[in-house]
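Heads up: the structure comes next, in structure tokens.
The values are calculated or read from the model by the stated rules, or taken from the named source; none is laboratory data. This structure is a prediction, so every number in the text was calculated from the model and none was measured. Reconstructed Cβ throughout: ideal geometry from the backbone, glycine too, with neighbour counts over all protein chains shown. To get the accessible areas, we keep the full protein, side chains included, count just its heavy atoms, and leave off ligands, DNA and RNA. Shrake-Rupley method; radii C 1.70, N 1.55, O 1.52, S 1.80 Å.
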Amino acid sequence: MGLTKTEIFTDRQNRIADLAKAFSHPARVAILQLLIARKACVCGDLVDELELAQATVSQHLKELKRIGIVQGEINPPRICYCINPEVWEEAQKVFGSLLGSFAQVSACCS
């Protein structure tokens, strides 16, 4: 059996890719922005605010929760979501380190 694509990369590279996936769709970016702007858990307002179908919002929230950047609490009939501060800080560090590691020495491709 062959290797999956993720198996040939380090755990850190796979984690960076997972975190990047959180920002790879405008709906997920909008969800994150809404959660940040509210500075509190958001219950049920996401569909109304984003003007997207419930199923679409649910799929994006599922991905954000899988990555860990969003956490949710289920208190039927409500589900409340908020930013996971530990994973948010991890993302800030990871992307800051990755983006800061490039130092342009010369214009080799111009």
To the nearest 20 Debye, how big is the dipole of the chain about its Cα centre, given +1 on the beta carbon of each Lys and Arg and -1 on that of each Asp and Glu? 160 debye
Measuring from the longest principal axis of the C-alpha atoms of the chain, the long axis of helix 26-38 (C-alpha) lies at a number of degrees, nearest 10, equal to 60 degrees
Given a Förster radius of 22 Å and the C-beta distance between Gln71 and Asp11 as r, what FRET efficiency does 1/(1 + (r/R0)^6) yield to the nearest 0.05? 0.50
Rank Ala27, Ala37, Ala17 by mean-square fluctuation in a GNM of the chain with C-alpha springs under 10 angstrom and give only the top-ranked residue. Ala37
Cα gyration tensor of the chain - equivalent ellipsoid semi-axes, whole Å, descending: 31, 18, 14
Residues of segment 16-45 with backbone N under 18 Å of the label point set 7 Å from the Cα of Ala53 along Cα→Cβ are 26-28
Of the residues Ile79, Ile31, Ile16, which exhibits the maximal mean-square fluctuation in a Gaussian network model of the chain defined by a 10 Å Cα contact cut-off? Ile79
Descending accessible area (1.4 Å probe), largest on the left, turns Ile36, Ile69 into Ile36, Ile69
Counting only helical runs of four or more DSSP H residues, what would the 222 nm mean residue ellipticity of the chain come to if each run contributes -39,500 (n - 2.57) and the total is spread over all its residues? -17500 deg cm²/dmol
